Amino acid sequence: MALRLAGVRLPGKKRVDIALTQVHGIGRATSIQILTEADIAGETRCYDLENHQIKTLRKIITNYQTEGDLRRLGHLYIQRLKKIKSFRGGRHHQCLPIRGQRSRTNAQTQKKKRNF
């Protein structure tokens, strides 16, 4: 049985504290915090979780911003930068490195993303 939390299929053989980091927006510290709140040992495997433990995990994760919400926010931030025509927004629009990296001889993979 595959465990799905927040729209993400978690690997069954991994430890729960590591597997929770597969969800966008949950890192190591947050996963440990969630597990202590749910009273679940971090070293248990995903396939060993019982139904009531899965339900409590789902209930706790709904309190955090994860997956689609965070991805949507990131997209909105980039759209705002493009709309106000900031330097960073222009670099996003041109598919070039944003944070001041050299682009004359490097950044070839970044330059290949252009789809004009």
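The values are calculated or read from the model by the stated rules, or taken from the named source; none is laboratory data. Computed from a predicted structure; not experimentally measured. Neighbour counts run over all protein chains shown; Cβ positions are idealised from the backbone, glycine included. These accessible areas exclude ligands, DNA and RNA; they are computed on the full protein's heavy atoms, side chains included. Shrake-Rupley method; radii C 1.70, N 1.55, O 1.52, S 1.80 Å.
So here's what we get for this one:
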item: Residue count for segment 92-108, restricted to those that are touching a helix residue (DSSP H, G or I) at 6+ places or on another chain (Cβ under 9 Å), assigned to a helix (DSSP H, G or I) and open to solvent by 80 Å² or more (accessible area, probe 1.4 Å); result: 1
item: Matching residues in segment 27-73 - criterion: being assigned to a loop (DSSP other than H, G, I, E, B), closer than 12 Å to residue 16 by Cβ and open to solvent by less than 70 Å² (accessible area, probe 1.4 Å); result: 40, 41, 42, 44, 49
item: Enumeration of residues in segment 5-16 that are more than 15 Å from the chain's Cα centre (by Cα) and open to solvent by less than 20 Å² (accessible area, probe 1.4 Å); result: 16
item: Test: residue 78 is closer than 30 Å to residue 4 by Cβ and either over 21 Å from the mean Cα position of the chain (by Cα) or surrounded by 14 or more Cβ atoms within 10 Å (Cβ to Cβ) (or both); result: yes
item: Residue within segment 82-91 that is touching a residue at least 12 places away in the same chain (Cβ under 8 Å) and either of a type in the set (D, E, K, R) or part of a loop (DSSP other than H, G, I, E, B) (or both) present; result: no
